[in-house]
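Enquirer: Pasting a structure here, questions to come.
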Amino acid sequence: MMLVIFILMGVGFFTLFERKILGYLQFRKGPNKVGIFGVFQPFSDGLKLFSKEQVIPLMSNYFLYYFSPVFGLFISLLIWVCLPFFSGFVFFFLSVLFFLCCSSLSVYFVMLAGWSSNSNYSLFGSLRCVAQTISYEVCLALILLTYIFLVFSFNLIDFYFFQYYIWFIFLGFPLGIIFFSCFLAETNRLPFDFAEGESELVSGFNVEYSGGGFSLIFLAEYSSVLFMSFLFSFCFMGGNLFSWLFYLEVLFLVYFFIWIRATLPRFRYDKLMYLSWKTFLPSSLNFFFFFFCFGLFMITCII
């Protein structure tokens, strides 16, 4: 319960941090009226969103339309238990597999939210998201398998132990770049936010949601962005939860998400799919076979 509260608090202040950074990058101030430097702005935004009227489209499939955002937020919060917190929180030995399963399930919430709204715009947005997420999950799984062959474990805590002397980002910098790009695609962030393409899809799969439903979708997306920052730091940048450097790394990765949003334009959809299947997938496969052969060589030397 405490973990969920801290995650939701982190998401709230993440939105404030994003609006401040975007404001200063566009030569204006972010929210600064509610409290000192706008520190209470996330609470006022949350009260405003959850107090708004929930409009339910007449032709929607009510049950799926109503529960899809709840399911999406549940998945995005459940995925946090795979991080080893070195305390009373739950973590387990198959945490990498649990992450892959939960990230695959998150596709269904977007698909059901778009389809149950019974709107062409929301349906197109959800179909785009399904194709995009499945494409980039292949590369994501291959990169994780590559490092699993080095670590010989599905537990994220072993990633921390194996990076005691050197971070994995130095052993495979191109894989780190591909991994982060896959995170951008998985969380539907710019330049890969085709599930929400406002310019042509009127906000995409969530166009029919308002009030509490939209707030839950919003919370699920930002919770996933925070989790991806934690996971990248664990897999590639040491992941020592007892070090202040770890939290600076996470803060830098969150800032990098925002920086990319403020800098890069949206891709064309065919270029997005071309990047996944023609560039990222062959590169990931090459590294995968290299590390697989390297792992076999080390085993034979030990034997």
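Every number in this text was worked out from the coordinates using simple rules, so none of it is lab data. Note that the structure is predicted; figures quoted are calculated from it, not measured. Heads up, the Cβs are rebuilt from the backbone with ideal geometry, glycines too, and the neighbour counts pull from every protein chain shown.
Enquirer: How far is helix 244-263 tilted off the main Cα axis of the chain, in degrees rounded to 10, range 0 to 90?
Expert: Long axis of 244-263 versus the principal axis of the chain: about 50 degrees.
Enquirer: While we're here: For LEU144, what is the net charge nearby, where nearby means another residue's Cβ is under 13 Å from its Cβ and Lys, Arg count +1, Asp, Glu -1?
Expert: Working: positive: none; negative: GLU137, ASP158, GLU186.
Spelling it out: positives minus negatives among the neighbours equals -3.
Enquirer: Now, a different point. Which of the peptides 282-292, 114-124, 178-188 is most tightly packed, and how do the rest follow, judged by the mean count of other Cβ atoms within 10 Å per residue?
Expert: 178-188, 114-124, 282-292
Enquirer: Another one. With only Lys, Arg, Asp and Glu charged, each at its Cβ (+1 for the first two, -1 for the last two), find how big the charge dipole of the chain is about the Cα centre; round to the nearest 20 debye.
Expert: Using only the charged Cβ atoms, the result is roughly 580 debye.
Enquirer: Going toward the positive end of the dipole of the range 63-302, with +1 on Lys and Arg Cβ and -1 on Asp and Glu Cβ, which of PHE294, TRP277, THR263 do you reach last?
Expert: Checked the options; the winner is PHE294.
Enquirer: How much length would be gained if the chain were fully extended between PHE161 and PHE93, taking 0.36 nm per residue of separation minus their Cα-Cα distance, in nm to one decimal?
Expert: Full-extension gain reported as 23.1 nm.
Enquirer: On to the next question. On a 0 to 90 degree scale, rounded to 10, what angle separates helix 173-186 from the longest Cα axis of the chain?
Expert: The two axes meet at around 30 degrees.
Enquirer: Run the reach check for LYS278 against aspartates and glutamates, Cα to Cα strictly under 19 Å, same-chain hits fewer than 8 apart removed. What comes back?
Expert: GLU137, GLU186, ASP270
Enquirer: Mind checking the range 1-77 for chymotrypsin sites (Phe, Trp or Tyr not before Pro) that DSSP puts in a loop (not H, G, I, E or B) and that have at most 15 other Cβ atoms within 10 Å?
Expert: In loop regions of the range 1-77 (DSSP not H, G, I, E or B), the sparsely surrounded chymotrypsin sites (Phe, Trp or Tyr not before Pro) are PHE27, PHE40.
Enquirer: Give me P(r) over the range 63-302, computed from all C-alpha to C-alpha distances, binned every 5 Å, as integer percentages.
Expert: Per 5 Å bin, starting at 0, the Cα pair percentages come out as 1, 6, 13, 18, 19, 16, 12, 8, 4, 2, 1, 0, 0.
Enquirer: Scan the chain and report its longest stretch carrying no trypsin sites (Lys or Arg not before Pro) that are both in a DSSP loop and have at most 10 other Cβ atoms within 10 Å. Please list the in-between numbers first.
Expert: Numbers: sites that count: ARG28, LYS33.
With a cap of 10 other Cβ atoms within 10 Å, the longest stretch comes to 34-303.
Enquirer: Let me ask something additional. Pick from PRO31, PRO191, PRO84: which residue has the top mean-square fluctuation in a GNM of the chain where Cα pairs under 10 Å get a spring?
Expert: Largest GNM mean-square fluctuation: PRO31.
Enquirer: Next up: May I ask for the distance between the Cα centers of the range 146-194 and the range 202-250, given as a whole number of Å?
Expert: 16
Enquirer: Based on the Cβ-Cβ distance from PHE6 to CYS301, what FRET efficiency comes out when R0 is 41 Å, to the nearest 0.05?
Expert: Between PHE6 and CYS301 the formula returns 0.40.
Enquirer: Something else about it: Round to the nearest 10 and give me the degree value, 0 to 90, for the angle of helix 95-116's Cα axis relative to the longest principal axis of the chain.
Expert: 30
Enquirer: What does the helix-only formula give at 222 nm for the chain: each DSSP H stretch with n ≥ 4 adding -39500 (n - 2.57), the total divided by the residues, and the result rounded to the nearest 500 deg cm²/dmol?
Expert: Computed ellipticity for the chain at 222 nm equals -23000 deg cm²/dmol.
Enquirer: Students often forget the sequence filter, so: which lysines lie under 19 Å Cα-Cα from LYS48 once same-chain residues fewer than 8 apart are removed?
Expert: LYS33
Enquirer: On to the next question. Give me the number: length gained by fully extending LEU47 to VAL138, i.e. 0.36 nm times residue separation minus the C-alpha to C-alpha distance, one decimal in nm.
Expert: Value of the extension gain: 28.9 nm.
Enquirer: Then there is this: Does the range 215-288 come out rounded, prolate or oblate by the C-alpha gyration tensor, with a ≥ b ≥ c the root eigenvalues, rounded set by a/c under 1.5 and, if not, prolate when a/b is larger than b/c and oblate if not? Don't skip to the answer; put the middle values down first.
Expert: Details: a/c = 2.14, a/b = 1.31, b/c = 1.63.
Cα axes put the range 215-288 in the oblate bin.
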